[in-house]
Each structure stands twice: as structure tokens, then as C-alpha cells.
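Here's the structure we're looking at; comments come further down.
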Amino acid sequence: MEEFESQVRDKIGEDLSERFIPYVQMHEFEALLFSDVEVISSLIGDEHLPKLWEIRNSYETPEDINNGALTAPSKRLISIHSGYNKVVNGELISEGIGVDKIRKECPGFDVWLKSIERL
């Protein structure tokens with residue numbers, strides 16, 4: 001992703017490169033939610049915790065979770081809990097996790113935020 005983000009910066013030119021800091025998330029937003037599967041399970045049901053840990057432990061970082069259209073992070077959450085709603089549950093889960101934990105578990109996201117903080 002870093003190479004792609006670098007190419008994007010190069011394309012926009014020097015005029016905007018100081019104000020435009022690209023962040024390309026490899027997969028969908030729900031990948032970030034796997035930063036804390038215990039928070040997910042507390043909102044969708046504690047009985048899902050073992051399956052959530054199984055998914056999380058299969059990848060180096062939450063940002064890596066995805067093997068295709070049927071196994072995208074949101075599809076995994078829906079398969080575990082059919083009532084999962086991207087908008088409602090995604091917001092509640094992300095608020096429950098907090099940005100500090102997401103940053104700790106998701107290095108690409110953290111690098112992007114650090115670049116903004118340096119401005």
C-alpha cells in the first residue's frame with residue numbers, strides 16, 4: 001500500500017502534496033474492528049468470541065483480514081451474527097474499541113495518523 005500511496009502523492013504534484021496525505025486501506029472498514037474482538041463480541045454476543053479470535057489470529061494484523069468478496073471482514077461478521085449492521089454496529093464497535101487500540105493493532109492506519117499529527 002505504501003507504494004500505491006506514494007504514486008498517488010507523485011501524481012497530485014508538489015502544490016498539493018503538503019496538504020494531501022493519502023491513506024489507502026487495503027480492505028473495508030470492518031477490518032479495523034478486528035483490533036479488539038472482545039469489544040465486537042460484547043456487542044454481538046459473547047458466544048461469538050471464539051470464532052472472532054480464530055479469524056483475528058489467522059492474520060498478522062486486522063488490516064490483512066480479507067480473502068475475497070465472500071470473506072471480507074463485514075461478510076465474516078454477518079456470517080457470525082446475521083443481524084450485523086455496518087452502519088449501526090460498526091460505529092458502536094469502533095467507539096468501544098477506540099482509536100488508540102486501533103492504532104496499536106493497525107500499523108498502516110497508525111502511520112497515516114502520525115503523518116497528520118506531524119502537520
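The values are calculated or read from the model by the stated rules, or taken from the named source; none is laboratory data. Because the structure is predicted, anything quoted here is derived from the model rather than measured. Virtual Cβ from ideal backbone geometry, glycine too; neighbours counted across all protein chains shown.
I need the full set of residues from the range 82-108 which are free of Cβ contacts under 8 Å to residues at least 24 places away in the same chain and in a helix (DSSP H, G or I), in order please. Please lay out each step first, then the result.
So in the range 82-108, the residues free of Cβ contacts under 8 Å to residues at least 24 places away in the same chain come out as 82, 85, 87-88, 91, 95, 98-100, 103.
Once the filter is applied, which keeps residues that are free of Cβ contacts under 8 Å to residues at least 24 places away in the same chain and in a helix (DSSP H, G or I), the range 82-108 yields Val87, Val88, Glu91, Glu95, Val99, Asp100, Arg103.
Kindly check whether there is at least one residue in the range 99-107 that is closer than 19 Å to Leu49 by Cα, within 14 Å of the chain's Cα centre (by Cα) and at pLDDT below 95.
First, the residues of the range 99-107 that are closer than 19 Å to Leu49 by Cα: 101-102, 105.
Imposing the further condition that a residue be within 14 Å of the chain's Cα centre (by Cα) reduces the set to 101-102, 105.
Checking which are at pLDDT below 95 leaves us with none.
Within the range 99-107 (the criterion being closer than 19 Å to Leu49 by Cα, within 14 Å of the chain's Cα centre (by Cα) and at pLDDT below 95), the answer is no, since none of the residues qualifies.
Filtered by the rule that a residue be of a type in the set (Gly, Ala, Ser), surrounded by 15 or more Cβ atoms within 10 Å (Cβ to Cβ) and in a helix (DSSP H, G or I), the range 63-81 gives a lone residue, Ser74. Scanning the range 37-84 for residues that are more than 18 Å from Gly96 (Cα to Cα) and of a type in the set (Val, Ile, Thr) returns Ile55, Thr61, Ile65, Thr71, Ile78, Ile80.
Of all residues in the range 63-83 being in contact with a helix residue (DSSP H, G or I) (Cβ under 7 Å, 6 or more places away or on another chain) and under 14 Å from Ala31 (Cα atoms), which is modelled with the lowest pLDDT? Steps first, answer last, please.
Filtering the range 63-83 for residues in contact with a helix residue (DSSP H, G or I) (Cβ under 7 Å, 6 or more places away or on another chain) gives 63, 65-66, 73-74, 76-77, 80-81.
Filter once more, keeping what is under 14 Å from Ala31 (Cα atoms): 63, 65-66, 73-74, 76-77.
Working: Glu63: 93, Ile65: 93, Asn66: 88, Pro73: 94, Ser74: 93, Arg76: 95, Leu77: 96.
The qualifying residue modelled with the lowest pLDDT is Asn66.
Exactly one residue among Glu60, Glu14, Glu5 is modelled with pLDDT under 70 and surrounded by fewer than 16 Cβ atoms within 10 Å (Cβ to Cβ), and that residue is Glu14.
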